[in-house]
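First the structure, in the form of structure tokens, and then the observations on it.
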Amino acid sequence: MRGYEVPTMAESGVPLALTFWTGLLAPAAVAPEIVRKLNAALTEVQQSAELKASMAKLGLHPKTGSPQDFAVFLDEEKQDWANAVAVTGVKLD
């Protein structure tokens, strides 16, 4: 924004780094074997040279992991956003 001095989130004291991510979620009742099969298929696709090249053109880099890894990541994201809300005092109208 030209002509405006806008502090970054870090400069404003908000301990949050914004990132782009996507993930696949399923209802809790989905059988663990189905979750394992989906995870294996998605991991295989994400590791393909074609997908990696296509995503790299967009500056994206796929990260694979287990459903448990993703659950930990989501918990960390929730905590990061909760901390940002606490620091800023932001409220929904």
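Filter region 83-93 down to the residues that are farther than 10 Å from residue 16 by Cα and not β-branched (Val, Ile, Thr), then identify the one that is surrounded by the most Cβ atoms within 10 Å (Cβ to Cβ).
Within region 83-93, the match that is surrounded by the most Cβ atoms within 10 Å (Cβ to Cβ) is 86.
Collect the residues in region 44-68 that are surrounded by fewer than 12 Cβ atoms within 10 Å (Cβ to Cβ), in a helix (DSSP H, G or I) and within 18 Å of the chain's Cα centre (by Cα), keeping them in residue-number order.
Within region 44-68, 56, 68 meet the criteria.
Can you find a residue in region 15-31 that is touching a helix residue (DSSP H, G or I) at 6+ places or on another chain (Cβ under 7 Å), assigned to a helix (DSSP H, G or I) and surrounded by 12 or more Cβ atoms within 10 Å (Cβ to Cβ)?
There is no residue in region 15-31 that is touching a helix residue (DSSP H, G or I) at 6+ places or on another chain (Cβ under 7 Å), assigned to a helix (DSSP H, G or I) and surrounded by 12 or more Cβ atoms within 10 Å (Cβ to Cβ).
A short reminder: the numbers here are calculations on the coordinates, not readings from a lab. No experiment lies behind these values; they were computed from the predicted model shown. No Cβ is skipped: glycine too gets one built from the backbone with ideal geometry, and neighbour counts run over all protein chains shown.
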